[in-house]
1. Among ALA36, ALA46, ALA22, which is the only one that is exposed (fewer than 15 other Cβ atoms within 10 Å of the Cβ) and at pLDDT 80 or above?
2. Can you tell me which residue within the range 136-172, out of those that are within 27 Å of GLY310 (Cβ to Cβ) and of a type in the set (Ser, Thr, Tyr), is surrounded by the fewest Cβ atoms within 10 Å (Cβ to Cβ)?
3. Kindly indicate which of ALA234, ALA213 is within 19 Å of PHE341 (Cα to Cα), at pLDDT 85 or above and in contact with a Leu (Cβ under 9 Å, 6 or more places away or on another chain).
4. State which residue is modelled with the lowest pLDDT when the search covers only the range 119-133 and only residues that are farther than 16 Å from ASN176 by Cα and over 20 Å from the mean Cα position of the chain (by Cα).
5. If you check every pair at least six apart or on different chains, which have Cβ atoms under 6 Å apart with a residue in the range 198-217 that is more than 19 Å from ALA346 (Cα to Cα) first and a residue that is outside any helix (DSSP H, G or I) and modelled with pLDDT of 90 or more second?
6. Looking at the range 142-154 only, could you name the residues that are modelled with pLDDT of 80 or more, out of contact with any Ser or Thr (no Cβ under 9 Å at 6 or more places or on another chain) and part of a helix (DSSP H, G or I)?
7. Can GLU293 be described as among the charged types (D, E, K, R), under 18 Å from LYS326 (Cβ atoms) and either assigned by TED's automatic domain parsing to the domain that holds ALA322 or surrounded by 19 or more Cβ atoms within 10 Å (Cβ to Cβ) (or both)?
8. Check whether at least one residue in the range 161-176 is out of contact with any Leu (no Cβ under 9 Å at 6 or more places or on another chain), in contact (Cβ under 8 Å) with a residue 40 or more places away in the chain and under 30 Å from GLU293 (Cβ atoms), and report yes or no.
Amino acid sequence: MAVNFKKSYRFAVFSSLMITVALTLFVSVFFYMTNAIDWVFIVLFALVCFALSFLLIQVRVERFIYNRVKQIYDDVTLLDVTSLRRGQITTDMSSLTKEVERFAASKKLEIESLKIREEYRKEFMGNVAHELKTPLFTAQGYILTLLDGAMKDKSVRKKYLKRAGASIERLVYLVNDLDMIAKLEVGDLNIRYEYFDMVELVKDTFELLEMEAAKKNITLTTDMEYDYPIMVNADRERIQQLLTNLIVNSVKYGKQDGTTEISIENLIQNKVIVRVTDNGEGIASEHIPRLFERFYRVDKSGSRREGGSGLGLSIVKHIIEAHDEKIYVESDFGVGSEFSFTLEKAEELPEAPLPKTSLVE
């Protein structure tokens, strides 16, 4: 009963009792001084005084609380103003307390999110500056050396110009990747859907990268021989770029004489899932949540020695998201990694796959 009894009522009752006691004592003393004490009158006076005091105090307190609550609600925009009707005045402050706590919690989360974004922005800007200045300063160094006199030596001139050219190519590659990510993020890069054979795309991509894989004697293969087409609906050029980035990444961090395997499987009725699996270095679990961040490198020194813009996986993620599809990562450190992504299927896959062989002889 005490819990349900409104605090404003308790305040009005106690205040009314104090006023009633004070006035009753005053009236009693007055009658006592005049030798005309009428106890019935004094009791009636006390009851009337208590009732009037209670009504006046309660109305004023309710009006005061209502105005304060309405102002707070309006300030924090937690409730619709139209819900605060004069006929239903709320004097229980527990609901207000819950709303304010919820508002404070949401603002705390928002502030923490802004702090994380600010840290990410600082890290990103630092990475961009580092990635841009490395090829710029390298090319500048070779060119300045040539201008200082090394140009007269024909062999040195040719070697330095080649190195400067390689640095500029890396710079162009980096700028192109940044431009693509910017377009993907703002939706300016149009996705041109078409039906194409995913098996043929995998074969074409293997042919493009077989020389790169041969440098580390890495075998590019599939989980079985696909003698039938697997038609999907997507942007063929972008999916090939995505697949190329994943295979290049797999080869780059793969071990000598390793394997990169691709499989294409049914996922649900209208989806296929493409898996790119390797037996390379693997990725520690603490790095996986940040793999698709721009310029994030698991092994910073090793990654820079291997080359690349540091944007490959970020581009992969944006291409998949532009198709409204999903990408997944599973990895065991020291064992290998598997990147898989979904695509819209154009027709059903055959139920009985043929025996396992490789697309690449």
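The values are calculated or read from the model by the stated rules, or taken from the named source; none is laboratory data. Predicted model only: the values in this text are computed from it and were never measured. Quick reminder, even Gly has a Cβ in these numbers, built from the backbone with ideal geometry, and neighbours come from all protein chains shown.
1. After applying the criteria, what remains is ALA22.
2. THR138
3. ALA234
4. HIS130
5. Going by the 6 Å Cβ cut-off, the qualifying pairs are PHE206/LEU220; ALA213/LEU220.
6. ILE143, LEU144, THR145, LEU146, LEU147, listed by residue number.
7. Yes.
8. Looking for residues that are out of contact with any Leu (no Cβ under 9 Å at 6 or more places or on another chain), in contact (Cβ under 8 Å) with a residue 40 or more places away in the chain and under 30 Å from GLU293 (Cβ atoms), one finds at least one in the range 161-176, hence yes.
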